[in-house]
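Chemist: Below are the structure tokens for one structure; questions will follow.
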Amino acid sequence: MEVIILKDAQALAQQGAVYFQNQLRAKPASVLGLATGSTPVGLYRELIGLFKADLIDFSQATSFNLDEYAGLSPEHPASYHSFMREELFAHINLPSDRRHLPDGLAADVPAHCAAYEAAIQHAGGIDLQLLGIGSDGHIGFNEPSSSLRSRTRMKTLTPRTLADNARFFGSPSQVPRHVITMGVGTIMEARHCLVLALGTAKAAAVSAMVEGPVTANCPASVLQMHPQCTLLIDEAAAAELERRDYYRWVYENKPAWQRIA
Ligand code: GLP
């Protein structure tokens, strides 16, 4: 895992956007894995800015989002469908028929999840997967104890995640308890995983992900076994990393050909 410690949220957003720009330049018909939550919002704003400046083109791309709340319609204001429309899709030229999110209202959940997996395969697999991390170490909505080889399926949120996400709903009791999420195994098949984490609230999860054992107790820790995983964090999120000076050293001494931004 490449750990890159940056000075603040703005630096994270800018550098994260460069990975998308490079990906789409190298392969205009890329398959992008997208994420929700507060953390990627700055990166999405950067992408919108690049698009308006004619510096990025999504016209041939396809996207798959990680997850959606079960029981919420795409029009529900707190659904991830609404989030993606407002924060990104309404402002860029990614064709609507190539944007995919799990359907929170699917009548046959296992069949819907199997079809979601098949659609990812049919599109050629995910080239670049954006991820945040939950304070309990979840990726997508794969809560602690998720199988490290899981596929897209329904999961039950932990009370901690309900509390963390209550700000989008009003109170924890209004947050749906069930979600549909890509599995850990699904995420691990992406060719490049780009993880973002900001703030002290994520410091313990980041430390468990990067320096803890690979364990279903912290699903993000499985990314230690991913062949190409880049972690962009700010100083606060890096605070509990034992080897943070080494990660800085590595980044400062990167050969020129390996630098991306
Ligand atoms: C949510 C999402 C995750 C996200 C995480 C962190 O539960 N399902 O994909 O990474 O929580 O969210 P935030 O960025 O708001 O801290």
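The values are calculated or read from the model by the stated rules, or taken from the named source; none is laboratory data. This structure is a prediction, so every number in the text was calculated from the model and none was measured. Backbone-built Cβ (ideal geometry, glycine too); neighbour counts: all protein chains shown.
Chemist: Taking into account only those residues within segment 57-83 that are crowded, with 23+ Cβ neighbours inside 10 Å and of a type in the set (A, V, I, L, M), which is nearest to the ligand (Cβ to nearest atom)?
Modeler: Residue satisfying both the conditions and the ranking: Leu66.
Chemist: Find the residue count for segment 38-78, including only residues that are not in a loop (DSSP other than H, G, I, E, B) and not hydrophobic (A, V, I, L, M, F, W, C).
Modeler: 12
Chemist: Which condition breaks for Ala203 when tested against (1) out of contact with any Asp or Glu (no Cβ under 7 Å at 6 or more places or on another chain); (2) surrounded by fewer than 23 Cβ atoms within 10 Å (Cβ to Cβ)?
Modeler: With (1) out of contact with any Asp or Glu (no Cβ under 7 Å at 6 or more places or on another chain); (2) surrounded by fewer than 23 Cβ atoms within 10 Å (Cβ to Cβ) applied to Ala203, the lone miss is (1).
Chemist: Pairs under 7 Å by beta carbon, first residue more than 22 Å from Ser30 (Cα to Cα) in segment 104-126, partner among the hydroxyl-bearing types (Ser, Thr, Tyr) and in a helix (DSSP H, G or I), six or more apart or different chains?
Modeler: So the pair list comes out empty.
Let's see how each residue does on (1) touching an Asp or Glu at 6+ places or on another chain (Cβ under 6 Å); (2) surrounded by 20 or more Cβ atoms within 10 Å (Cβ to Cβ):
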{"site": "Ser145", "(1), (2)": "no, no"}
{"site": "Thr158", "(1), (2)": "yes, no"}
{"site": "Leu162", "(1), (2)": "no, no"}
{"site": "Ala166", "(1), (2)": "no, no"}
{"site": "Ser171", "(1), (2)": "no, no"}
{"site": "Val175", "(1), (2)": "no, yes"}
{"site": "His178", "(1), (2)": "no, no"}
{"site": "Gly183", "(1), (2)": "no, yes"}
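Chemist: Kindly indicate whether any position in segment 79-100 is assigned to a loop (DSSP other than H, G, I, E, B), of a type in the set (A, V, I, L, M) and farther than 20 Å from Gly49 by Cα.
Modeler: No, that holds for no residue.
Chemist: Could you please let me know if Pro110 is modelled with pLDDT under 95 and either more than 19 Å from Pro40 (Cβ to Cβ) or within 16 Å of the ligand (Cβ to nearest atom) (or both)?
Modeler: Criteria not met by Pro110.
Chemist: I would also like to ask the following. Out of (1) within 13 Å of the ligand (Cβ to nearest atom); (2) at pLDDT 95 or above; (3) over 27 Å from Leu24 (Cβ atoms); (4) surrounded by 20 or more Cβ atoms within 10 Å (Cβ to Cβ), what's the single condition that is false for Arg153?
Modeler: Against the list (1) within 13 Å of the ligand (Cβ to nearest atom); (2) at pLDDT 95 or above; (3) over 27 Å from Leu24 (Cβ atoms); (4) surrounded by 20 or more Cβ atoms within 10 Å (Cβ to Cβ), Arg153 comes up short only on (1).
Chemist: Sticking with this structure for a sec: Select the helices (runs of 4 or more DSSP H) contained entirely in segment 156-261, then report the ones holding at least 2 residues which are within 16 Å of the ligand (Cβ to nearest atom), of a type outside the set (Phe, Trp, Tyr) and under 29 Å from Ile120 (Cβ atoms).
Modeler: 159-165, 184-188, 203-211
Chemist: While we're on this one: Examine segment 244-253 for a residue that is at pLDDT 95 or above and buried (at least 17 other Cβ atoms within 10 Å of the Cβ), and state whether such a residue exists.
Modeler: For segment 244-253, residues at pLDDT 95 or above and buried (at least 17 other Cβ atoms within 10 Å of the Cβ): present.
Chemist: Which residue pairs have Cβ atoms closer than 6 Å, lie 6 or more positions apart in sequence or on different chains, and pair a first residue in segment 189-200 that is touching a residue at least 60 places away in the same chain (Cβ under 8 Å) with a second residue that is near the ligand (Cβ under 9 Å from one of its atoms) and of a type in the set (Val, Ile, Thr)?
Modeler: Going by the 6 Å Cβ cut-off, the qualifying pairs are Leu196/Thr39; Ala197/Ile133; Leu198/Thr39.
Chemist: I want to confirm something. Restricting to segment 123-133 and keeping residues that are touching a Phe, Trp or Tyr at 6+ places or on another chain (Cβ under 8 Å) and assigned to a loop (DSSP other than H, G, I, E, B), which single residue is farthest from the ligand (Cβ to nearest atom)?
Modeler: Checked segment 123-133; the qualifying residue farthest from the ligand (Cβ to nearest atom) is Ala123.
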